[in-house]
Amino acid sequence: MSRSLDKSSPIARRRFLQPFAGTALAPPPIWLMRQAGRYLPEYRETRAKAGGFLDLCYTPALAAEVTLQPIRRYGFDAAILFADILLVPDALGQSVRFVEGEGPLLDPIRTAADIARLSPDATRPKFGLVFETVQRLRQDLPDETALIGFCGAPWTVATYMIEGRGSKDQAAARLFAYRDPDGFQRLTDMLVEVSIEYLSGQVQAGADALQIFDTWAGSLPDDQFEQWVIDPTRRIVEAMHERHPGVPVVGFPRGAQGSALWYVTETGVDGIGCDTATPPYMMAEAFEDEKVVVQGNLDPLLLVAGGDALKARVEEILELMDGKAFIFNLGHGIVPETPPEHVADLVRYVREGSAA
Ligand code: CP3
């Protein structure tokens, strides 16, 4: 993973990037999944101004503003572009609605004809708005703050496209893949191609690193995991490494458990996002031979609870990951109930280290 760095590389100025060059930092860099969001009053205010959630995502000035809000408050080492994994199906023409209290709703894909109606050639106008947000951010962010671009992994995005909404077990997508593997392959191939262009555009606009969110990676048996999680992710990672050498790609195969190491070796990701259930001793040991950066994995609910238990767990993670190429994060996204002052406590605990 460690690669030679050209002199113009921002690595020296941005701590977030240093673990990817093989440097273990103490304290480790920190950012949090969903660090921009409803737990922040300033986010709720900007979102109300935007109208709907998608309007917020597609208005570069406002999307950049909400990306910057948690950086101003907490000085995280990285900002993550404010957007959503479901902008990809939206840009493909499968209109997405976000309904308060219900989450995302899409007209579900039921047949091969529904897949054929999607249009990868039509994505540019909407993607262009996201790229504009990235450009603004690279100008407005502090120079020491890395900017992470992202997309959803094809499998996870496909689960929403086929189910038409979030679901407990992703049954509709899993059944579609069993009953019509060729159709599901066509959808996956389309998502691979479109995601490559989408991520590539984000890098060209100024993203320093990329994350691929595979929230529902844990719902598949091994043969399906290989076909629908590993293979498409490997194709995206290979394309990024070829087009943008030196831009690290982090995979987040949530729930992959015993398959996480397999995922790392087969996809070629530069970093592995560990979910809440991954024991810290595994984070410290399982990936050691792969020279991959490990990111994770505090329980988002412990951040809601706060107090001594939060501090103790942070210290435990820091101790186990000491001396490793590690980035501190949660094991899943911040939840809306999180008191903003607990996030400030967390950042202080991480930055002050176990001596605090
Ligand atoms: O700060 C950040 O992390 C950057 C922005 C970001 C959002 N979504 C904003 C968002 C990112 C990286 C995502 C990723 C995302 N979106 C994932 C993968 C990560 C994960 O959490 O598992 C998934 C599965 C989605 C799809 C999605 N978007 C759902 C299921 C929902 C509804 C549930 C919810 O939390 O409300 C969303 C909406 C969404 N995306 C919100 C935010 C801030 C809340 C929308 C609001 O303001 O009402």
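The values are calculated or read from the model by the stated rules, or taken from the named source; none is laboratory data. All values derive from a computational prediction rather than experimental measurement. Don't worry about glycine lacking a Cβ; one is built from the backbone with ideal geometry, like all the others, and counts go over all protein chains shown. Just the protein is used for accessible areas: all its heavy atoms, side chains included, with ligands, DNA and RNA removed. Shrake-Rupley method; radii C 1.70, N 1.55, O 1.52, S 1.80 Å.
Just to be sure, is I71 more than 9 Å from the ligand (Cβ to nearest atom) and touching a strand residue (DSSP E or B) at 6+ places or on another chain (Cβ under 7 Å)? Taking the combined requirement at face value, the residue satisfies it. Number of residues in the range 220-235 that are free of Cβ contacts under 8 Å to residues at least 60 places away in the same chain and open to solvent by less than 30 Å² (accessible area, probe 1.4 Å): the value is 3. Of the residues making up the range 323-344, those that are away from the ligand (no atom under 16 Å from the Cβ) and in contact with a Pro (Cβ under 9 Å, 6 or more places away or on another chain) number 3.
On the given criteria, is T215 closer than 20 Å to F252 by Cβ and open to solvent by 10 Å² or more (accessible area, probe 1.4 Å)? Yes: the conditions hold for T215.
Each row is one residue, and each column tells you yes or no for (1) surrounded by fewer than 17 Cβ atoms within 10 Å (Cβ to Cβ); (2) more than 13 Å from the ligand (Cβ to nearest atom); (3) at pLDDT below 95.
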| residue | (1), (2), (3) |
| --- | --- |
| S2 | yes, yes, yes |
| L5 | yes, yes, yes |
| W31 | no, no, no |
| A36 | no, no, no |
| R44 | yes, no, no |
| A48 | yes, no, no |
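Scanning the range 8-28 for residues that are more than 23 Å from H241 (Cα to Cα) and either within 20 Å of the chain's Cα centre (by Cα) or among the small types (G, A, S) (or both) turns up A26, P28. The lone criterion from (1) touching a residue at least 40 places away in the same chain (Cβ under 8 Å); (2) in contact with a Phe, Trp or Tyr (Cβ under 7 Å, 6 or more places away or on another chain); (3) more than 8 Å from the ligand (Cβ to nearest atom) left unmet by Y58 is number (2).
Answer yes or no as to whether F98 is aromatic (F, W, Y), more than 21 Å from A209 (Cα to Cα) and out of contact with any Pro (no Cβ under 7 Å at 6 or more places or on another chain). No, not satisfied. Across the range 238-259, the number of residues qualifying as more than 16 Å from the ligand (Cβ to nearest atom) and crowded, with 21+ Cβ neighbours inside 10 Å comes to 2. Tell me, which residue of the range 264-286 that is more than 16 Å from the ligand (Cβ to nearest atom) and of a type in the set (S, T, Y) is most open to solvent (accessible area, probe 1.4 Å)? Per the stated criteria, the residue is Y281.
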